[in-house]
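Report on the following structure.
The values are calculated or read from the model by the stated rules, or taken from the named source; none is laboratory data. All figures in this text were calculated on a predicted structure; none of them were measured in a lab. Because the Cβ atoms are built from the backbone with ideal geometry, glycine has one as well, and the counts that use them run over all protein chains shown. Each accessible area value is taken on the protein alone, full model and side chains, heavy atoms only, with ligands, DNA and RNA left out. Shrake-Rupley method; radii C 1.70, N 1.55, O 1.52, S 1.80 Å.
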Amino acid sequence: MKKTVAAWLGMTLAVGWMIAAGGARTGERPKVLGLDKIIAMVYYPEEEARAFKSATYAHSADWKYWSGRGGIAVTPKTWQSLLTDTTVEQGVAVLAGIDFGDNPRPLLAIDELGFDEGGEADQKSAQILEAFKKQKPQVSLGVYQMRGPVPEVLAKTYKKVVDLLMMECYVGDVKEYWWIASQLHAARLHGLLEKAIVLIGLGVGGQPGENWVATKEELERQIRFIRLVAPESPGVGFFKGKVDPAVTAYADELCDKFDSIPTDGTGLPPEALEVHKLFSTLYERPMLVTSASWSEPDRSFADPHMLVHPYAFRLYIMNLGSKDAKDVKVRLANPKDQGGDVFAGGTVSLIPKQCAVEAVLSMTQTDAAWKVWKTWDIQIEAPGCDTKVFAPR
């Protein structure tokens, strides 16, 4: 038996809004960074960001201009100097040395975090953020989250010290909408959704296979899908590849009326509604959802470029059901056309209902035996559970 969670979810969101806003009226969305709406222009040239009339967030040193138009200027910082061959203290010192000038509302955005599904690199990232915030409480923090749903170790830190979570959900069409829905659902499970937004990729990126939104129609579908899945999210953002200027102009038009875009799925194809149904249904049995795209090797605390040895993999698994899943056996295997041999595995004693875990999978062979990268097969033995394994992206 299944039952939809519309009533349950509505009650949950209302309670969440009241808690987050310190007793605000039911259904009232709290401000984020003092703003009613976040429309983020990520790494846009200054003149292009200013031309985007609905923008409220831009990488810029001109805080007076952005404050004057009701927005916020952002100082970006990439992760390499924080995490590569550094201690936590050295990473904190890098951030503490950033000069924000006379900006009375400095916002520092870290690009990017989310390396190894809660492994050593993610643990180090969390420690740096918390230590920096303790040292510089006046600096607001934003994070660009990569590689899928946020793991628990980062989610706990984000909840404590991060003001804006921006999830990189760059997809080209409805076949990949699960990538958007899963990240939004994970943010909701961790109590982060009211300060989390989706970043949409526009056009074609710089790497092979980075084919994102290419038409006005697809852009509107993605924004309507975001509104359906996460009406409590405070906005949306954009990362631009090579794109038709008309698509960018239409993004501005849609964002200007973002809050009036319907949240009932109007205008979406059946495939999109099915994805939403998967993540918004409260299943009577445990319902485990995962993907090889949510698997990462444990990366070194000292340097995320290096893998921890002996090798171990971490696989993100969501339980969308109303009951706990117990003693779940998980294995990673090479595809059948590459031999089909299992190279890592483990048992998860408990995946609580309506929660996510990172399963730790040890090598079952003596050394690196994977023959592909993150397109391997996932084998799950989960008695009494239903499962959904999305194909890797």
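Here's the yes/no breakdown for (1) open to solvent by 50 Å² or more (accessible area, probe 1.4 Å); (2) of a type in the set (Ser, Thr, Tyr); (3) within 27 Å of Thr86 (Cβ to Cβ):
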{"residue": "Ile128", "(1), (2), (3)": "no, no, yes"}
{"residue": "Tyr158", "(1), (2), (3)": "no, yes, yes"}
{"residue": "Leu165", "(1), (2), (3)": "no, no, yes"}
{"residue": "Cys169", "(1), (2), (3)": "no, no, no"}
{"residue": "Lys175", "(1), (2), (3)": "yes, no, no"}
{"residue": "Ala186", "(1), (2), (3)": "no, no, no"}
{"residue": "Ala214", "(1), (2), (3)": "yes, no, no"}
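Checked against (1) surrounded by fewer than 24 Cβ atoms within 10 Å (Cβ to Cβ); (2) within 17 Å of the chain's Cα centre (by Cα), Phe225 passes all but a single condition, namely (1).
Condition first: within 22 Å of Leu154 (Cβ to Cβ), hydrophobic (A, V, I, L, M, F, W, C) and touching a helix residue (DSSP H, G or I) at 6+ places or on another chain (Cβ under 9 Å). Can you find one or more residues in the stretch 344-355 that meet it?
yes
Restricting attention to the stretch 273-313 and to residues that are touching a strand residue (DSSP E or B) at 6+ places or on another chain (Cβ under 9 Å), within 20 Å of Glu117 (Cα to Cα) and among the acidic types (Asp, Glu), the residue that is most open to solvent (accessible area, probe 1.4 Å) turns out to be Asp298. Filtering the stretch 195-212 to residues that are of a type outside the set (A, V, I, L, M, F, W, C), modelled with pLDDT of 95 or more and either out of contact with any Gly (no Cβ under 8 Å at 6 or more places or on another chain) or surrounded by 22 or more Cβ atoms within 10 Å (Cβ to Cβ) (or both) leaves Lys195, Gly201. Residues in the stretch 83-117 that are assigned to a loop (DSSP other than H, G, I, E, B) and buried (at least 16 other Cβ atoms within 10 Å of the Cβ): Thr86, Phe100, Asn103, Pro106, Gly114, Phe115, Asp116, Glu117. Taking the criterion of being of a type in the set (A, V, I, L, M, F, W, C), open to solvent by less than 40 Å² (accessible area, probe 1.4 Å) and either more than 24 Å from Ile226 (Cα to Cα) or assigned to a loop (DSSP other than H, G, I, E, B) (or both), the only residue of the stretch 59-72 that qualifies is Trp66.
If you scan the stretch 352-390, which residues turn out to be of a type outside the set (S, T, N, Q) and open to solvent by 70 Å² or more (accessible area, probe 1.4 Å)?
Result: Lys353, Val360, Asp367, Lys371, Trp373, Glu381, Pro383, Lys388.
Among the candidates Gly339, Gly346, Gly321, the residue that is closer than 14 Å to Met287 by Cα and either surrounded by 14 or more Cβ atoms within 10 Å (Cβ to Cβ) or without any contact (Cβ under 8 Å) to a residue 60 or more places away in the chain (or both) is uniquely Gly321.
Taking first residues from the stretch 244-263 that are in a helix (DSSP H, G or I) and surrounded by 13 or more Cβ atoms within 10 Å (Cβ to Cβ) and partners that are at pLDDT below 95 and of a type in the set (Lys, Arg), the Cβ contacts under 9 Å between residues at least 6 apart in sequence or on separate chains come to Asp259/Arg29.
In the stretch 67-80, the condition of being modelled with pLDDT of 95 or more, out of contact with any His (no Cβ under 7 Å at 6 or more places or on another chain) and over 30 Å from Ala249 (Cα atoms) is met by at least one residue.
The set of residues in the stretch 135-156 that are open to solvent by less than 10 Å² (accessible area, probe 1.4 Å) and not small (Gly, Ala, Ser) comprises Val139, Leu141, Val143, Tyr144, Gln145, Pro149, Val150, Pro151, Leu154.
If the condition is being surrounded by 19 or more Cβ atoms within 10 Å (Cβ to Cβ), under 14 Å from Val139 (Cα atoms) and not hydroxyl-bearing (Ser, Thr, Tyr), then the stretch 73-82 contributes Ala73, Val74.
When the stretch 21-58 is limited to residues that are modelled with pLDDT under 95 and of a type in the set (D, E, K, R), the one that is most open to solvent (accessible area, probe 1.4 Å) turns out to be Arg25.
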